[in-house]
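Notes follow the structure.
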Amino acid sequence: MSLSRQEASVRTQRPSRLAATALLGSALITLVPLSPAHAGSLPSVGAKAETPALYDDERGGNANADDPAIWRDDAHPGRSLVIATAKEGGLRVYGLDASPVQSLPAPRPPSEENAPGRFNNVDLVTGLRTPSGRTDVAVVSDRGNDRLRVYRIDPSRPGGPLKDVTDPAAAPVFSADQDEIDEQRTAYGLATWQDRASGRSYALVSRRSTTDLALLELRPTAAGTVGYRRVRTLSLPSSFRLPDGTSWTPCGEPGELPQVEGMVVDPDDGTLYAGQEDVGIWRLPAGLNGRPVLMDKVREYGVPGTYDPETEECTAGTDPGFGGRHLAADVEGLTLFREPGGAGHLMASGQGDDSFALYDRRISRRNAYEGGFRVTAVSADLDGSEECDGAAALAEPLGPRYPRGLLVVQDGHETSAAGGEEGREATGFKFVDLGAVADATGR
């Protein structure tokens, strides 16, 4: 979630407009026309399980649920794992019953005056080529230290399936020195990508409070660790030309640009989908060597706003009607799941109205909007998902619990009777039967 969001009063859906254009350097980017609005209210899906609440206070280790990833144990699918970030609380590993398996701390700061380790996003690389053979790893963006951390996954390992194999020589992703790191314009969103043509593995990383993206190649060492090198960077637009000829910049704290967090790469064609929180979803080559296209916009796109330094919020002006029809800012939780025959779906969470949007993953079908849903409460002991940050989906059998696949979504406001304690900020993760999502949305 960004530090300042436009007011909820502008979330009303608007009729579609003519295609607009966005500025990227000196190039013009044509926005893909939007499909018809989803008729009626969104269907609801209930979770099957939830993780224990995490508390963002000193007693709770400043743990705050953010982003999950699903690792499939091909030999024993019912023993698959969910790996999730907890910001200053580090990493958590859960079984498919949502019970804790392992907890790993974020790195300590170089000194008490420096920013602490803060794990933001996580993604997986399966079959990473190393000098000793192939291995599966979890890659994490450490926002506090502006670095990537890499963990080898071994379910038979005593003490827990994850082992830190980060190269000690790994350099900051964006920052020049510790002073710049402490300003926290650091590694933020993350998605992994394996280039099928070269066999090389990469991480795509966004930079907090900017529009910058970086492509990093993962580089295993002879010592058994994994480092990385920066290949290239790209900056998405921060201001946009509207159809009426005016220019619009999303409202935010002075000096902060509309950042990207949620990202995912389609492994079949190497397409990166990047959620610019207050703008929409971009589609571009994962190699960052092609033209970005804004495939859908948030409903608040084009709405002027005035930042109030006292409340640290933006007061929205009159909606000119240039926004999208399916997503309420912030765009978060991008994930993708494939189906037989080349079909499948891109999913994104609209944090502003607690919804999830589904798009056709095929570019040949212009990533057409296919509907949406919400994850809602099942009982007093099992609530839904609100203000969702991260999400992960896997459309493969995972034993008897999830024979049609699993969806894991972050819950930014844990309120179930079995979850949060009154008076403490609590977050967690909900485990949802992916087959139930398909049934509810008619996919």
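Listed values, structure above:
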{"quantity": "The chain - charge dipole about Cα centre, Lys and Arg +1 at Cβ, Asp and Glu -1, debye rounded to 20", "calculated": "2200 debye"}
{"quantity": "Inter-label distance for ARG219 and THR233, nm, one decimal - labels placed 7 Å from Cα along Cα-to-Cβ", "calculated": "1.8 nm"}
{"quantity": "Accessible area of the chain belonging to carbon and sulfur atoms, whole % at 1.4 Å probe", "calculated": "46 percent"}
{"quantity": "Candidate lysines for bridging to LYS430, where Cα separation is under 24 Å - those fewer than 8 sequence places away on the same chain excluded", "calculated": "LYS48, LYS87"}
{"quantity": "Net charge, ARG283 excluded, C-beta distance under 13 Å - Lys, Arg +1, Asp, Glu -1", "calculated": "+2"}
{"quantity": "Centre separation in Å (Cα based) which lies between region 36-92 and region 296-311", "calculated": "28 Å"}
{"quantity": "Cα shape, region 88-216, gyration tensor, a/c 1.5 rule", "calculated": "oblate"}
{"quantity": "Residue-normalised accessible area of the chain, given per residue in Å² at a 1.4 Å probe", "calculated": "40 Å²"}
{"quantity": "The chain: Cys lacking any partner C-beta under 4.7 angstrom", "calculated": "CYS388"}
{"quantity": "As computed over region 384-424, the Cα convex hull volume per residue (Å³)", "calculated": "84 Å³"}
{"quantity": "Region 85-123: GluC sites (Glu not before Pro) in DSSP loop, at most 12 other beta carbons within 10 Å", "calculated": "GLU112, GLU113"}
{"quantity": "Cα-based shape type of region 265-406, given that a ≥ b ≥ c are square roots of the gyration tensor eigenvalues and the cut on a/c is 1.5", "calculated": "oblate"}
{"quantity": "Estimated FRET transfer efficiency when R0 is 25 angstrom, pair ARG59-THR311 (beta carbons, to 0.05)", "calculated": "0.35"}
{"quantity": "Formal net charge of residues neighbouring ALA417 (Cβ-Cβ distance under 9 Å; K, R +1; D, E -1)", "calculated": "-2"}
{"quantity": "Positive minus negative residues near PRO340 (Lys, Arg vs Asp, Glu; Cβ under 14 Å)", "calculated": "+2"}
{"quantity": "Cα-based equivalent ellipsoid, region 211-331: semi-axes from gyration tensor eigenvalues, Å", "calculated": "32, 17, 12"}
{"quantity": "Where only alpha carbons of region 175-270 are counted, the Rg and the Dmax (Å)", "calculated": "16.4, 58"}
{"quantity": "Calculated FRET value between THR415 and THR249, using beta carbons and R₀ = 35 Å, to 0.05", "calculated": "0.50"}
{"quantity": "Pair ALA75, ALA343: separation of 7 Å Cα→Cβ label points (nm)", "calculated": "3.5 nm"}
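The values are calculated or read from the model by the stated rules, or taken from the named source; none is laboratory data. All values reported here derive from a predicted model rather than from experimental measurement. Glycine also receives a Cβ, built like all others from the backbone with ideal geometry; neighbour counts cover every protein chain displayed. Remember, those area values only see protein heavy atoms, side chains included, never the ligands or the DNA or RNA. Shrake-Rupley method; radii C 1.70, N 1.55, O 1.52, S 1.80 Å.
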